[in-house]
Structures are given as C-alpha cells and as structure tokens.
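Read the structure below first, then the notes.
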Amino acid sequence: MSKRVLTTESGAPVADNQNSASAGVGGPLLLQDQHLLEKLARFNRERIPERVVHARGSGAYGHFTVTDDVSDLTSAAFLSTVGKRTELFTRFSTVADNLGGADAVRDPRGFAVKFYTEEGNYDLVGNNTPVFFIKDPLKFPDFIHSQKRDPFTGKQEPDNVWDFWAHAPEATHQVTWLMGDRGIPASYRHMNGYGSHTYQWTNAAGDAFFVKYHFKTNQGIRSLSAEQGQELAGKDANSHQTDLLQAIERGVHPSWTLYVQVMPAAEADGYRFNPFDLTKVWPHADYPLRRVGRLVLDRNPDNVFAEVEQAAFSPNNFVPGIGPSPDKMLQGRLFAYADAHRYRLGVNHTQLAVNAPRATTADNYGRDGLMAANAQPRGEKNYEPNSYGGPAETGTPLSAPLAVHGHTGTHEAPAHSKDDHFFQAGELYRLMSEEERGRLVANIAGGLSQVSREDVIEKNLAHFHAADPEYGKRVEAAVQALREG
Ligand code: HEM
C-alpha cells in the first residue's frame, strides 16, 4: 500500500506535523506557517450551533418494508405494495438537555425517521409519547425555556418546570405519562415511537383520511425506575448511544412495527373531542390499529458529526398522499424545523449526503447560497417557466384539500362535546396498576415538593385533582409528607 501523504486543506504536502515553525530555535512563531494557522483556525470552527431542543441524540440507518396493503388509504408510492422496501435514517434523542447531557433521564425521547422514497424524502418527526404538553405553537418557546437551564442559575429548575405546568392545564395528560413508568426508557431500542400529531392521508381516488402513527418496538418496552436512571446516568452518560451502537455492531438489528389509526375525514368535525388536539389520544376502541410495515435499523453511521449532527428532519417534508392536518402545533412545526436548519446548517443543508434524496433527485430553480455544492449543468435556465426545458410542475395536488370556514383571528380550537384538559389524564391514571400509581405519585411528588412557591404547588395539585380525585389526594399527601419530612 502506498504511503499516504499528510497535506494542507489545499492539498500541499506537510513537512512537519510535530513542530511549528519559529524564528530560530526557541524563538517566536512565524506567521508564514500556513499549516499551523490553518490547523488552529479549522479546529476553532469544528462546532456548529446545537439543536435548540433534542440536542443530544443517536442515529442509525435501516429500511422499511410494507407488510400490509394500505393502498386504499394513501397513494404514497413507498407504501404502495406489500413487500416494497425503502431505505431510511433515524435519529433518537432526549429533549431538554444540551449536547453532553446524560441519556438515562426522565424526558420524552425524539423518534425521527427520514424515508428516502422515490417521490422525495418523507420525514416523520415524532416522539416516544403519543401526546404532548401543549397544543399551540405560540407556547413552545416559553415551554422549552421553562424546561431547559435557567438563565441565571445555569441549571434545570423545578420552580420553572412546574410553574409552566401550573399555567398549562392541558399538559396534565403528558405530565402523567412522563412521570409514569415509561418516563425513562431503558434504551432507544426499548421504546415505542409515535407521530403524535394527526396527519392526513389521501388515496388515489382523492379520499381523505386522518391518521395517527404508532411504531411498536419489537424489543419490548423496557424502562428504568427513577433510582435506576440516576445510577445509570452517573455511570454511563451515553448509555442510549452505547446500547444502540453496540447492538447494531453485534448484528442485533432493532425493529419496530408500524401501525396507523385511521379516521375517515368526514368524522372529524363530529368526534367527541378535537381529533387534532395533540394533548389527546384516540381511543383504540374508536379507531383500532391497522398494521402497515416494519422498520429495521441495521447500520451505524460512519461519522457522528457528518451524519447525525448534520441530519435535518422536517415535518413539512411530505410526499404525495401524505399531508398535514389542521393541528395548530403541527402547523407551527411546518415552519420551525427548516428555519432551524437554515440557521444551524445553512441554506444548502439538503445537499448533505444524509439529507439529500436518494431514490430520486431534487430538481428545481433554487440556486446558489453559502456552500452550494451542486452546480447546475452549463446552459440550464434558472427561472421558470422558460422556453428551453427544465423541471416543470405536475399539476396534481399532493393531498386532498381541507375545507375551512370562519374569520381570521386568534381563535381557541373549535369546541367539541368533550374537550376538557383532564379526562384523558384521569383515564391513564385509572389504567395503571396500584404499584404503577404509587411510583407515579412518588415521581411527581419528588419534583413538585422542590418547588419554592405554595401557589405554584397548589395550581399543579388542582390539575391532578381534576384528572381523578384519588390521584389528586395521593399527590397532595406525598408532596406534603416530603415538604414536612
Ligand atoms: C410547535 C411545537 C414545536 C416546535 C416549534 C419545535 C421545534 C423544534 C426545533 C427548532 C427543533 C430542532 C431542529 C433542528 O435543529 O434540526 C426540534 C427538534 C425535534 N423536535 Fe420539535 N418542536 C415542536 C414540537 C415537537 C413535537 C410535538 C414533537 C414530537 C411529536 C417534536 C419532535 C422533535 C424531534 C424528534 C426533534 C429532533 C429531530 C432530530 O433528531 O434532528 N417536536 N423541534
């Protein structure tokens, strides 16, 4: 094998990589030492802004295979026939902590999938929780500020976390979920993934359906208790990364089975609660699971920075046959992600290998910008329409249109007969075994008892009381015992 020569960034050979050039032996350094200057300057620029949420994560490649016919529901080509296989990339993440935070913490987990389909990339950017804390995107920056590090103390503060929830009764369902047994997954392999929002599928005849996605882990759900989580986070801050990396390297390929709940579009208006409310699940008795296919992860990325840190998932990357619902949170997210990518990675981030389409090519009149790597061939026109050829619109709508009515303004969600913030939190509580309820109450009290203001504690207690009187009483007693103890 021929010996590789160390070079500068411009390809010139480097003579000495151990001693910088100086003015004589023991003298100061020379400005002409291009290798030293370039090496230090390059090093200073290695980090890019971390994700404002979900900063800490792990990625893997794999594929999705359709196991069941869903062509009556969607015209998406990658879901069109049983046995069809599509390459994909996933990134799992924690939400609140910064890069370098521990994995085994009580926090939702991100579950983002990029399907490299022949009709373009389809990104499904979900969580391991079927619901979320809020239902209007206007509240998201405030919510995240309250959960991340305080600007003065530089730490996560129970005062801020619970003060936000005190003012967000709609969070009670998700708080119950997060404080329960599934709040600290044992690993990324041992948790489910959910699209959480309601999406719209459209079939070839133009019929519209609302769907919710459920990826069920085939490894089984495994979670950690608060004590186990604390111990593991102290021992191996990277426990989820270690687990996923090593499983795939050993050839143990994690998999998930994808199901959808399907609501014919005409049923949405009359459903007993708003089916686009992200703080609520659709009971399976109303809309049972329909199996779609299997997701398998079988390859680790070669380079974490290039492929995981630079991965850009965006809920507005749809393909024909799949589109958004009017869920306000989802609508807000349709803007937020690509905007974050333009800031974090630049306008040409879609040209990076992990983000670029693989089963088709992007072909449009977007041009130039910082770091444009894909130059168009000579003579290609950069405007449309033109008289010389080039890509043209299809004229075919991507998904069924939504009927809208009413006046513009800052409206609350449309009223349905059973819209209150608490009944599903109560239902979740009542589904739990006695032991689970005990752990849930202890976890909530552990956090809430650290809050310094009585009025904030009381507002939160009122939410648990409203969900279920027994739930409220038990949390209240546990908080009181911890504060007196
Ligand atoms: C209006 C509400 C929300 C806003 C404004 C928002 C915004 C963001 C932003 C700006 C990022 C960083 C993107 C990047 O730099 O690449 C992000 C990451 C992420 N968000 Fe959200 N988010 C919202 C709600 C949600 C919800 C409800 C879910 C799950 C159902 C979710 C799942 C994720 C995931 C999984 C990531 C990490 C993606 C990756 O691995 O790169 N977010 N979010």
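Some points to look at:
- Residue in segment 350-358 that is within 13 Å of the ligand (Cβ to nearest atom) and over 28 Å from Asn218 (Cα atoms) present: yes
- Tyr271 assigned by TED's automatic domain parsing to the domain that holds Phe111, outside any strand (DSSP E or B) and surrounded by 15 or more Cβ atoms within 10 Å (Cβ to Cβ): yes
- Check on Lys139, of a type in the set (D, E, K, R), touching a residue at least 12 places away in the same chain (Cβ under 8 Å) and surrounded by fewer than 24 Cβ atoms within 10 Å (Cβ to Cβ): yes
- Unmet criterion (only one of (1) free of Cβ contacts under 8 Å to residues at least 60 places away in the same chain; (2) part of a loop (DSSP other than H, G, I, E, B); (3) within 16 Å of the ligand (Cβ to nearest atom)) for Arg4: (3)
- Per the listing Lys212, Lys235, the residue uniquely at pLDDT 95 or above and within 19 Å of the chain's Cα centre (by Cα) is Lys212.
- Count of segment 398-448 residues which are surrounded by fewer than 18 Cβ atoms within 10 Å (Cβ to Cβ) and aromatic (Phe, Trp, Tyr): 1
- Residue list for segment 133-190, filter: within 16 Å of the ligand (Cβ to nearest atom), within 21 Å of Val52 (Cβ to Cβ) and out of contact with any helix residue (DSSP H, G or I) (no Cβ under 8 Å at 6 or more places or on another chain): Lys139, Pro141, Ile144, Lys148, Gln174, Leu178
Yes or no, residue by residue, for (1) more than 9 Å from the ligand (Cβ to nearest atom); (2) crowded, with 19+ Cβ neighbours inside 10 Å; (3) in the same structural domain as Ala12 (by TED's automatic domain parsing):
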site	(1), (2), (3)
Phe64	yes, yes, no
Thr74	yes, yes, no
Val82	yes, no, no
Glu87	yes, no, no
Arg91	no, yes, no
Gly110	no, yes, no
Tyr122	yes, yes, no
Gly126	no, yes, no
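- Close contacts from segment 108-129, counting a first residue that is more than 16 Å from Asn355 (Cα to Cα) and a second that is of a type in the set (Val, Ile, Thr), with Cβ to Cβ under 6 Å and a gap of 6+ residues or different chains, come to Pro108/Val95; Pro108/Thr129.
- Inter-residue pairs, beta-carbon under 6 Å, first under 16 Å from Glu307 (Cα atoms) and aliphatic (A, V, I, L, M) and in segment 44-67, second in a strand (DSSP E or B) and modelled with pLDDT of 95 or more, 6+ apart: Ala60/Thr90; Ala60/Leu297
- Set side by side, the residues Ala425, Ala481 differ, and just one is touching a residue at least 12 places away in the same chain (Cβ under 8 Å) and under 29 Å from the mean Cα position of the chain (by Cα), which is Ala425.
- Qualifying positions in segment 191-247 - on the phi > 0 side of the Ramachandran plot and away from the ligand (no atom under 16 Å from the Cβ): Gly206, Gly220
- The lone exception for Ala205 - which of (1) assigned to a loop (DSSP other than H, G, I, E, B); (2) in contact with a His (Cβ under 6 Å, 6 or more places away or on another chain) it fails: (2)
- Matching option when the condition is surrounded by 12 or more Cβ atoms within 10 Å (Cβ to Cβ) and under 30 Å from Asp269 (Cα atoms), among Gly390, Gly323, Gly395: Gly323
Every residue, every condition in (1) surrounded by 10 or more Cβ atoms within 10 Å (Cβ to Cβ); (2) more than 40 Å from the chain's Cα centre (by Cα), yes or no:
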| site | (1), (2) |
| --- | --- |
| Asn17 | yes, yes |
| Leu29 | yes, yes |
| Leu37 | yes, no |
| Arg45 | no, no |
| Phe78 | yes, no |
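- Any hit, segment 307-326, residues being near the ligand (Cβ under 9 Å from one of its atoms), touching a Gly at 6+ places or on another chain (Cβ under 8 Å), not in a helix (DSSP H, G or I) and not polar (S, T, N, Q): yes
- Selection from segment 433-471 of residues that are in a helix (DSSP H, G or I), without any contact (Cβ under 8 Å) to a residue 60 or more places away in the chain and small (Gly, Ala, Ser): Gly438, Ala445, Ala462
- Residue in segment 228-249 that is in the same structural domain as Ala77 (by TED's automatic domain parsing), surrounded by 15 or more Cβ atoms within 10 Å (Cβ to Cβ), in contact with a strand residue (DSSP E or B) (Cβ under 7 Å, 6 or more places away or on another chain) and closer than 30 Å to Phe423 by Cα present: no
- Arg474 touching a Lys or Arg at 6+ places or on another chain (Cβ under 9 Å), without any contact (Cβ under 8 Å) to a residue 40 or more places away in the chain and closer than 27 Å to Gly229 by Cα: yes
- Restricting attention to segment 302-321, the residues that are closer than 29 Å to Gly395 by Cα and under 18 Å from the mean Cα position of the chain (by Cα) add up to 7.
- Condition broken by Ala340, with the remaining ones in (1) within 26 Å of Leu99 (Cβ to Cβ); (2) among the small types (Gly, Ala, Ser); (3) not in a helix (DSSP H, G or I) satisfied: (3)
The values are calculated or read from the model by the stated rules, or taken from the named source; none is laboratory data. In this text the structure is predicted, and so the values were computed from the model without any measurement. Because the Cβ atoms are built from the backbone with ideal geometry, glycine has one as well, and the counts that use them run over all protein chains shown.
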